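**Q** Let me give you the structure first, and then I'll get to my questions.
The values are calculated or read from the model by the stated rules, or taken from the named source; none is laboratory data. Note that this is a predicted model, so its numbers are computed, not measured. All Cβ positions, glycine included, derive from the backbone under ideal geometry; neighbour counts span all protein chains shown. All accessible areas refer to the heavy atoms of the entire protein, side chains included, with ligands and DNA or RNA removed. Shrake-Rupley method; radii C 1.70, N 1.55, O 1.52, S 1.80 Å.
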Amino acid sequence: MDVDNLLAGQRFDRELEKALAQTDVFLAVIGPRWMELFAGRQTSKRDYVREEIAGALKRGSRSFPC
C-alpha cells in the first residue's frame, strides 16, 4: 500500500523518511520469532523495515513494539 500513492519520479526511501518524520508514535508489530528471523536475514537489498525502526528510534519517537 505504501507505494500505491507515489507519483512518477518520487523516490520511495525519501517519501518514507518524510512521512515518518511527521509521526510522534511508531508502532512496530513483530512476532515472537522476530529476532531469530532478523538475525538470519542477509541480503544485498535495502531493508526498509529495519530503516524505519532505526529512524524512529533516532528521532526519539515513542516506540511500541508489540
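**Q** Take residue 18 and tell me if it is basic (Lys, Arg) and modelled with pLDDT of 85 or more.
**A** Spelling it out, residue 18 is indeed basic (Lys, Arg) and modelled with pLDDT of 85 or more.
**Q** In segment 1-18, what residues are closer than 24 Å to residue 62 by Cβ and surrounded by 12 or more Cβ atoms within 10 Å (Cβ to Cβ)?
**A** Matches in segment 1-18: 15, 16, 17.
**Q** Just name the residue that is modelled with the lowest pLDDT out of those in segment 21-51 that are open to solvent by less than 70 Å² (accessible area, probe 1.4 Å) and not small (Gly, Ala, Ser).
**A** It comes out as 30.
**Q** For segment 47-65, what are the residues that are more than 12 Å from residue 13 (Cα to Cα) and among the hydroxyl-bearing types (Ser, Thr, Tyr)?
**A** 61, 63
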